[in-house]
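Just below is one structure, and these are the notes that go with it.
Just so it is clear, none of the values below were taken in a lab; they were calculated from the coordinates. Computed from a predicted structure; not experimentally measured. So basically every Cβ, Gly included, is an ideal-geometry build from the backbone, and we count neighbours across all protein chains shown.
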Amino acid sequence: MFFHITLERNMQLHPRHFGPHLRDKLVAKLMKDVEGTCSGRHGFVVAITGVEDIGKGLIREGTGFVTFPVKYQAVVFRPFKGEILEAVVTMVNKMGFFAEAGPVQIFVSNHVCGIKNAYQYKSCSCSLIPDDMEFQSGDMPNYTTSDGSVKIQKDSEVRLKIIGTRVDATEIFCIGTIKDDFLGVINDPGAAA
């Protein structure tokens, strides 16, 4: 889910950047340092939409650097348990598949029991992939239905549901399922060939 929130950060700036374009230098450094990063508390910072306030700088003794408190607005992306996302499959193996929805990597397991404790997933079903899909190894590993009508392979687009998240200081890990109504493949690149 996307949120528009206000954040604060202390920015250090070298004295060579002082002058009439000080604010522009601070904003450029803020964007470079913050956009694309992840904090466990707020999620992934997608974009900075505006700078509300730049406080008075404090000179750091011995270095000459100045620390400015900066208050800014940003769009952040934070996945939650129960959220439905559309993602692109990046890797398929016999244990399941990995998919990416923006900056978030999601694992859809064929064997949940082994990872349920890591993600605090309470109810155990043996697979998060529908029972009629089987792993097919080969040049292009995939999960295929018994009748061959649906195939999940690298670059397939899938709709999935987040069933668990684990938040670290700088990363968010998710597991998902496609074993529910209206979930699964929404675009198969192999079907167009």
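Using a Förster radius of 22 Å, what is the FRET efficiency between MET140 and GLU86 based on their Cβ-Cβ separation? Nearest 0.05, please.
0.55
Over its Cα atoms, what ratio of radius of gyration to 2.2 N^0.38 Å does the range 139-193 give?
1.37
Please compute the contact order of the chain in relative form: average sequence separation of alpha-carbon pairs under 8 Å and at least six residues apart, divided by the residue count, as a percent.
Value for the chain: 20 percent.
Show me the chymotrypsin sites (Phe, Trp or Tyr not before Pro) within the range 67-115 that DSSP assigns to loop and that have at most 11 other Cβ atoms within 10 Å of their Cβ.
Here the sparse-neighbourhood loop sites are PHE80.
Taking only Cα atoms, what is the 0 to 90° angle, nearest 10, from helix 22-34's long axis to the longest principal axis of the chain?
20
Give the residue list of GluC sites (Glu not before Pro) in the range 55-93 that are DSSP loop and have at most 10 other beta-carbon atoms within 10 angstrom.
GLU61
For the chain, what does the helix formula give at 222 nm: sum of -39500 (n - 2.57) over DSSP H segments with n ≥ 4, over the residue count, nearest 500 deg cm²/dmol?
It lands at -2000 deg cm²/dmol.
Compute the Rg to Rh ratio over the range 1-104 from the alpha carbon atoms, using the Kirkwood formula for Rh, and round to two decimal places.
1.14
Could you point to the label whose value was computed as P(r) over Cα pairs in 10 Å bins from 0, in percent for the structure here, given (1) 9, 32, 28, 17, 8, 3, 1, 0; (2) 8, 29, 24, 16, 13, 8, 2, 0; (3) 9, 33, 32, 17, 8, 1?
(2)
Assign unit charges at the C-beta atoms only (+1 for Lys and Arg, -1 for Asp and Glu), then state the dipole size of the chain relative to its Cα centre in Debye, rounded to the nearest 20.
Working: 21 positive and 22 negative charges, 202 e Å.
Charge dipole of the chain: 960 debye, to the nearest 20.
Cross-link list LYS32/LYS56; LYS25/LYS81; LYS81/LYS154: which exceed 31 angstrom alpha carbon to alpha carbon?
Over 31 Å apart, Cα to Cα: LYS25/LYS81.
Suppose each label sits 7 Å from its Cα in the direction of the beta carbon; what would the ALA47-SER149 distance come out to in nanometres?
Taking the simple label geometry, ALA47 and SER149 are separated by 4.0 nm.
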